[in-house]
Amino acid sequence: MSRYFLELSYKGTRYSGFQVQANALTVQSEVEKALNIFYHQPIELTGSSRTDAGVHALQNYFHFDSSITVQDKHIYNLNAILPQDIVLKRIVQVADDAHSRFLATSREYKYFVYKSKDPFLEDRAYYFPYTLSLEKLQEAAAVLMQYSDFTSFSKRNTQVKTFICDIQKSQWTEENGIYIYNVKANRFLRGMVRGLVGTMLRVGRGSIDIPAFRAIIEALDCSKADFSTPPQGLFLVEVKYPDGILP
């Protein structure tokens, strides 16, 4: 029995999330179905990072254990089975104790916001036709680096034991009229990135100032944050592992 890491990317528009759910179409269920069809045996996947319904990923990982011998040419065959909005990039054999979720050292996300109507962005970014101050957005993003408890940015009904996160990068940029929030941390809470973006957009519009933004963080109360940002603007862009985990 060998352990394999599976790297993929996907457009999340059609899916009820990354992780398998009863009576719902998910990325995991589609990938497991393709593996089962090609290898003629049930294969159960463990995911590295969950994404919500409608959220996209440029990179995400599963791992699985199997006695099959994976060959590079199988990537082509599996992609022929998978739907067009899921792409398998590689399957690599790893150490028997390598875990795609627990060994990940960081996850990095980007959230895209556009201000001018554009039919080519509507399913990959958030249409927000209001005046924004990039300077105020940057100031709010920098403030987040000073905190570690993000209870205010976690949706209710989560099963985590701690709301402590180590944010390693938090910044806004603007490219060709698109505002991009880039955040990297060791872990994220349920709905956290969308809550951060929604609340910072209030700062960028001038609806609240930085002291009020700090008060929301320090309240440790998710009813104070703004989770109204839609999922299609959010991309998981990278999952990092220690050197030597992936060949």
For a quick check of your reading of the model, give me the residue pairs whose first member lies in the stretch 131-155 and is free of Cβ contacts under 8 Å to residues at least 40 places away in the same chain, whose second is open to solvent by less than 50 Å² (accessible area, probe 1.4 Å) and in a loop (DSSP other than H, G, I, E, B), with beta-carbon atoms closer than 7 Å and at least 6 apart or on different chains. S148/C165
Scan L246, L137, L201, L234 and give me the residue that is buried (at least 21 other Cβ atoms within 10 Å of the Cβ), closer than 22 Å to A57 by Cα and either of a type in the set (A, V, I, L, M, F, W, C) or out of contact with any helix residue (DSSP H, G or I) (no Cβ under 8 Å at 6 or more places or on another chain) (or both). L234
Which residue is nearest to S49 (Cα to Cα), if the candidates are limited to the stretch 14-32 and must be out of contact with any strand residue (DSSP E or B) (no Cβ under 8 Å at 6 or more places or on another chain) and in contact (Cβ under 8 Å) with a residue 12 or more places away in the chain? G17
Looking only at residues that are farther than 15 Å from K136 by Cβ and assigned to a helix (DSSP H, G or I) in the stretch 206-225, which one is least open to solvent (accessible area, probe 1.4 Å)? I217
Only one residue in R90, R50, R107, R14 is among the basic types (K, R) and either farther than 30 Å from L196 by Cβ or in contact with a Lys or Arg (Cβ under 6 Å, 6 or more places away or on another chain) (or both), so which one is that? R90
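Residue by residue, here is whether (1) β-branched (V, I, T); (2) on the phi > 0 side of the Ramachandran plot; (3) touching a residue at least 60 places away in the same chain (Cβ under 8 Å) holds:
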residue: K73; (1), (2), (3): no, no, no
residue: N77; (1), (2), (3): no, no, no
residue: I81; (1), (2), (3): yes, no, no
residue: V87; (1), (2), (3): yes, no, yes
residue: D96; (1), (2), (3): no, no, yes
residue: T105; (1), (2), (3): yes, no, yes
residue: Y109; (1), (2), (3): no, no, yes
Quick one: in the stretch 17-34, which of the residues that are in contact with a helix residue (DSSP H, G or I) (Cβ under 9 Å, 6 or more places away or on another chain) and in a loop (DSSP other than H, G, I, E, B) is farthest from R190 (Cα to Cα)? L25
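The values are calculated or read from the model by the stated rules, or taken from the named source; none is laboratory data. All of these numbers come straight from a predicted model, not from anything done at the bench. Heads up, the Cβs are rebuilt from the backbone with ideal geometry, glycines too, and the neighbour counts pull from every protein chain shown. All accessible areas refer to the heavy atoms of the entire protein, side chains included, with ligands and DNA or RNA removed. Shrake-Rupley method; radii C 1.70, N 1.55, O 1.52, S 1.80 Å.
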